[in-house]
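Where a number appears in this text, it was derived from the coordinates with a stated rule and is not lab data. What you see is a predicted model, and the numbers here were worked out from it, not measured in a lab. Cβ sites come from the backbone with ideal geometry, for glycine too, and all protein chains shown count toward neighbours.
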Amino acid sequence: MEIEHPLMQVWLPAEGLKKHDFLLDQVLALAALDLAVTSSPAGALASHAAPDYAGAAVEYYDRSIAAYGSEPSVTEENHLAMYCFAGLTPVIQIGLRLCLPSETGGRQSALKSAKDLFELMNGAVSVAKLSWHWLKAGALPSVTAVLNQQIQLDLLDDDTNAAIARLRSINEHMHTSHHGKDIIGPSGSVGYTSYNEAIRHLEGIFAKDVDGSIRGLCMAWPSQAGDTFKWAVGQSEPFALLLLMHWGVLLDRLGGQGAWWVGETGKDLVVELSDALQCQEAKSPVTSTPEWQSGISWARQQVGLSL
């Protein structure tokens with residue numbers, strides 16, 4: 001967002017130099033990560049093409065996390081620094097996937113990165129809740145912009161409306177035909193209501209993406225979807241992964257809009273999940289339905305994959 005340029009380019013570095021080591025280290029990690037990723041050929045691991053920058057990004061990131069952990073609590077004085085740090089940490093975590101090789105030498109699993117992101121967003125939400133009354137005072141323009149933005153579902157095209165309706169239909173079918181049983185997780189029952197809420201927020205994010213006035217709002221969905229849904233993702237519950245696959249479409253669009261730190265993570269996520277979910281075909285009457293297969297096909301098509 002252009003309204004955040006003064007924050008990112010002036011306030012964050014200055015605040016880090018003056019008061020908060022964790023913030024300065026995070027800014028340096030983000031800068032090194034930017035150089036590592038953008039100076040690497042498309043599809044190449046940044047750690048192979050730009051090892052010095054990639055190594056620096058990891059070192060500064062580790063230092064920032066350690067320094068952040070020593071902060072006693074969120075206060076009026078440090079709330080903006082804490083909030084910005086919590087919000088940028090998932091960005092760096094996703095970007096590091098483009099730098100850090102897996103055990104086999106390729107890129108790390110996009111699904112693992114997504115699961116890690118769900119955990120990281122808990123921290124961002126906690127900081128936001130503790131500092132919300134200060135944030136609403138207007139020090140951060142994007143907060144005001146997000147609060148004032150209305151969800152306009154009429155912006156969605158017929159194709160996206162059909163995709164969302166299909167997810168709702170699958171959820172309905174799962175829980176009225178007794179093919180899908182509620183699962184009890186640490187935060188409560190993962191059933192019709194939990195999935196319906198995750199779908200509702202996903203629909204809103206798709207609408208806001210079409211609106212386009214605030215880029216990157218898809219990053220909020222992991223926190224909006226709720227703790228029970230997060231647990232279902234962590235357990236690789238098939239329907240949770242189907243929803244996550246649709247979120248991968250939004251992540252892919254964000255990468256295509258110039259978010260260098262996303263790269264092809266959204267597309268990689270869709271590939272991984274479509275392979276995993278197609279293996280579920282014969283395991284349940286729901287996963288073998290045409291609707292289930294259509295949901296997978298839609299997500300693949302949206303990121304430019306063959307059906």
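Distance check, please: which entries in 112/208; 18/267; 19/115; 19/129; 129/267; 18/208 exceed 29 angstrom between their Cα atoms?
18/267; 19/115; 129/267; 18/208
Using modelled amide H (1.01 Å from N, peptide plane; none on Pro or chain starts), what sits under 5 Å from the amide H of residue 99, excluding residues fewer than 5 places away?
46
Work out from phi, with θ = phi - 60° and the Karplus expression 6.51 cos²θ - 1.76 cosθ + 1.60, the ³J(HN,Hα) of each residue of region 203-220, listed in order in whole Hz, and give x for Gly and Pro.
Using θ = phi - 60°, the values come out as 4, x, 5, 4, 5, 5, 5, 5, 4, x, 6, 10, 7, x, 5, 4, 5, 7 Hz.
Could you grab the relative contact order for region 218-268? Cα pairs under 8 Å, six or more apart, rounded to a whole percent. Write out the running numbers ahead of the final one.
On the way: 36 pairs, mean separation 14.2, N = 51.
Contact order relative to length: 28 percent.
Output ³J(HN,Hα) for region 17-30: one whole-Hz value per residue in order, computed from phi by the Karplus curve 6.51 cos²θ - 1.76 cosθ + 1.60 with θ = phi - 60°, and x for Gly and Pro.
3J(HN,Hα) across region 17-30, in whole Hz: 5, 7, 10, 10, 4, 5, 6, 4, 5, 5, 4, 5, 5, 5.
Taking the Cα atoms of region 153-302, report the difference between the largest and smallest coordinate on each principal axis, in whole Å and largest first.
42, 29, 29
How tilted is helix 290-302 with respect to the longest principal axis of the chain? Cα atoms for both, answer in degrees (0 to 90, nearest 10).
The answer is roughly 30 degrees.
Defining a contact as two alpha carbons under 8 Å apart and six or more residues distant in sequence, what relative contact order in percent does the chain show?
So the answer I get is 16 percent.
Over 33 Å apart: what share of the alpha carbon pairs of the chain falls there, rounded to a whole percent?
Taking all Cα-Cα pairs of the chain, the fraction more than 33 Å apart is 26 percent.
Would you compute, from DSSP H runs of 4+ residues alone, the mean residue ellipticity of the chain at 222 nm, taking -39500 (n - 2.57) per run and dividing by the full residue count, rounded to the nearest 500?
So the calculated ellipticity at 222 nm is -20500 deg cm²/dmol.
Of 274, 294, how do they rank once you tally other Cβ atoms within 10 Å and put the fewest first?
With the fewest neighbours first, 274, 294 line up as 294, 274.
Quick check on the exposure proxy: order 19, 230, 115 from fewest to most C-beta atoms within 10 angstrom. Please list the in-between numbers first.
On the way: 19 13, 230 24, 115 18.
So the residues, fewest neighbours to most, are 19, 115, 230.
Quick query: amide H of residue 107 versus all other amide H atoms, modeled in the peptide plane; which residues come in under 5 Å with a sequence gap of 5 or more or a different chain?
Excluding prolines and chain starts, which carry no amide H, the hits are 102.
I need the phi-derived Karplus couplings for region 236-247: 6.51 cos²θ - 1.76 cosθ + 1.60, θ = phi - 60°, integer Hz, Gly and Pro marked x.
6, 5, x, 5, 4, 5, 5, 5, 4, 4, 5, 5
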